[in-house]
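As structure tokens, the structure follows; a few thoughts come after it.
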Amino acid sequence: MVVENENPDTLELLALARAGDAEAFGEICRVHGTPLLRQAVALCGNLTLAEDLAQDTLVEAWKGLHRYNGRCQFFTWLCAILLNRYRNVLRANRLRPAASLGARNQDEFEKHTGNLPDHATLPDQAVELREQAVLVRQCVQALPAKHQQVIYLRFYVDDSLEGIAAALGFSVGTVKSRLFHALDKLRKMNAFSAQRSDFKMKGGML
Amino acid sequence: MKPCTQNRKLIAWFVANALDARQTRQLQAHLETCEGCLRYLAEISNVTERLVATQSNPDVQASENFHQKLAGKLRAAKPDSMGEILAAYLRGILLNWRVAVPAFAALVVIGLTVAIWRQPSNAPSPTMAGIRTAPVSDADDDLSPTIANYQRVASQSLDKLDALLTRQGNRPLPSMPIYTASTLGLAQESF
């Protein structure tokens, strides 16, 4: 099964890149560089680290292009690599996720991730939305890594269950099961309970 | 009121657009009558709505510097060699316990089978002893007078068989008694 709604240009470039055409892969980097960087910033909240993550993701994709089987969006596959690299960085540096850092870094995280969809809201509402966004991210980052992956790819990268399964190398059944458990755990967290904002972090990391 | 246990997954998948049409119809019919499931649906919907609402879109662009640095990293990197591809493939297989465990079990079974098969028998059967004879040479006087030995020599050359029989016929008789209880394989007590 090959994903049907992939951009034809990307498909053509991928075919060339697979045959060893470095320029074609360079063009892919041009197309996906900015979206990938945005995902990385949203993930880690640090532009310098995000740039490194996005670049290393594209390098890893180039080195392992033969592993991409076309069963998910190419961008979903890139995001799955990005998630793994971010987890490795956290492990290596024993960092806590950006969204769970202290107030100073929190400001930086909010600055980078604060462009929420509704720009026309009042300043107070915008601040509230931003705070909610941080809380939601904290909740997601408190989940086990396997649940974070599925939530991230489903709601922030927005691919089909089949695409997510292909990108992560699992069956659709596994993805559905993890999706249920992740949503159920989030439901139980205070941040998702109505009118409650006294969320306490569990301190998990990706 | 609690949701029905068997419907919790279906509700979560329904909210995440992961339910087929038939299941969706069945669940919707159930939701009209079950207050617990309806409440669970509202809670899960709240989670997904917040996840979607807080989807951030950082206002950053990959700069020219980003691409130049990336180009440098790409130049330094080479696509995986066939060896690396194979190693990665095998690593992927071996890290998957669903494949690794049966493969390991199969290897153990094969190893045990080979070990048992190669184990030498301590007490060869009389028939085998009779068949396993010494290599044929010109001096076949020592060959025991069995049918198998005669057949083997005959298959090589009838002249050889003739010579062997002549030689063995000219040998002096053994001084030991031939027909004893032990040579006949009879127990001493039976006499």
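The values are calculated or read from the model by the stated rules, or taken from the named source; none is laboratory data. From a predicted model like this one, the values you see are computed outputs, not experimental measurements. Cβ: placed from backbone, ideal geometry, glycine included. Neighbour counts: every protein chain shown.
Going through the range A:26-55 one residue at a time, which ones are more than 11 Å from the chain's Cα centre (by Cα) and of a type in the set (S, T, N, Q)? Selection gives A:T34, A:N46, A:T48, A:Q55. So which residues in the range B:13-61 are in a helix (DSSP H, G or I) and touching a Ser or Thr at 6+ places or on another chain (Cβ under 9 Å), if there are any at all? Scanning the range B:13-61 gives B:F14, B:V15, B:E43, B:N46.
Residue pairs whose Cβ atoms lie under 6 Å apart, sitting 6 or more positions apart in sequence or on different chains, and linking a residue in the range B:141-152 that is at pLDDT 80 or above to a partner that is outside any loop (DSSP other than H, G, I, E, B), are B:T146/B:G130; B:A148/B:G130; B:A148/B:I131. For the range B:85-119, a residue qualifies if it is at pLDDT 65 or above and within 30 Å of A:L65 (Cβ to Cβ), and the qualifying residues are B:A87, B:N96, B:W97, B:R98, B:V99, B:A100, B:A103. Taking the range A:31-62 as the range and being at positive phi and in contact with a Pro (Cβ under 8 Å, 6 or more places away or on another chain) as the test, no residue passes. Counting only helices (runs of 4 or more DSSP H) that sit wholly inside the range A:1-83, those with at least 2 residues that are among the basic types (K, R) and at the interface with another protein chain (Cβ under 8 Å from one of its Cβ atoms) are A:22-44. Selection within the range B:1-48: residues that are touching a helix residue (DSSP H, G or I) at 6+ places or on another chain (Cβ under 9 Å), surrounded by fewer than 13 Cβ atoms within 10 Å (Cβ to Cβ) and not aliphatic (A, V, I, L, M). The member of this set that is farthest from A:R137 (Cα to Cα) is B:E32.
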